[in-house]
1. Suppose we filter 16, 38, 6 for residues that are in a loop (DSSP other than H, G, I, E, B), basic (Lys, Arg), more than 30 Å from residue 155 (Cα to Cα) and free of Cβ contacts under 8 Å to residues at least 60 places away in the same chain; which single one remains?
2. Please determine whether any residue of the range 108-130 is closer than 21 Å to residue 74 by Cβ, of a type in the set (A, V, I, L, M, F, W, C) and touching a residue at least 60 places away in the same chain (Cβ under 8 Å).
3. Name, by its number, the condition in (1) loosely packed, with under 13 Cβ neighbours inside 10 Å; (2) within 30 Å of residue 142 (Cβ to Cβ) that does not hold for residue 1.
4. Grab the helices (runs of 4 or more DSSP H) fully contained in the range 63-144, keeping just those with 3 or more residues being exposed (fewer than 13 other Cβ atoms within 10 Å of the Cβ).
5. Identify all residues within the range 19-32 that are without any contact (Cβ under 8 Å) to a residue 24 or more places away in the chain and not in a loop (DSSP other than H, G, I, E, B); write none if there are none.
Amino acid sequence: IEKAARRVQEGDYSARVPILTNDELAVLARTFNGMSERVGGLIASLAAQEQRFRELVQDVDAIVWERDAVSGRLLFVNRQVEVALGIPADRFLAEPDLWDRLVHADDQQEAIDHSRDALERTDRATYEARFVVGDGRIVWLRCAARAVRDPTGKLIAIRGVAVDITERRNAEER
């Protein structure tokens, strides 16, 4: 039993205790084997669900992001950010102020003020802003965010999505 328990502890849920008798140890071994099989199945199921969720978030036609409420650092941004803004997601994670630096100077204060006020009042914010990307293009994004709070009500993160609305905005300006 000890050898199988160590293997399970190390993540090998295929470990089984041989059942050689029909006494209390055999009952314990059958119970252990059943638990190990069940835990292994649950972990495999969770891993498959996590993979499906990751693929969903990465493949959605919008920028999905999460920002730490205290530091302002991006904790997550999906790869759609590279499609929309031409900058790899890992740069946004490495450069905490990159997102804010890309917001057009004329839109920065309004986006900051509106988001802060809306998040404080309703835990949700929506705004549209221009982003100036590396090649000089202007990309319009419609950003929707919501506050994430801990059980005591303290703001711990902000999660959101940003959708490229450049074509719509350009058509409106014509």
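Every number in this text was worked out from the coordinates using simple rules, so none of it is lab data. If you're wondering where the values come from, they're calculated on a predicted model, not measured in any experiment. All Cβ positions, even for glycine, are placed from backbone atoms using ideal geometry, and neighbour counts span all protein chains on display.
1. Working: 38 fails: in a loop (DSSP other than H, G, I, E, B); 6 fails: in a loop (DSSP other than H, G, I, E, B).
None of the others qualify; the one that does is 16.
2. no
3. (2)
4. Details: elements: 80-85, 89-94, 98-102, 105-122.
Per the criteria, 105-122.
5. Initially, the range 19-32 is screened for residues without any contact (Cβ under 8 Å) to a residue 24 or more places away in the chain, giving 19-24, 26-27, 30-31.
Matches in the range 19-32: 24, 26, 27, 30, 31.
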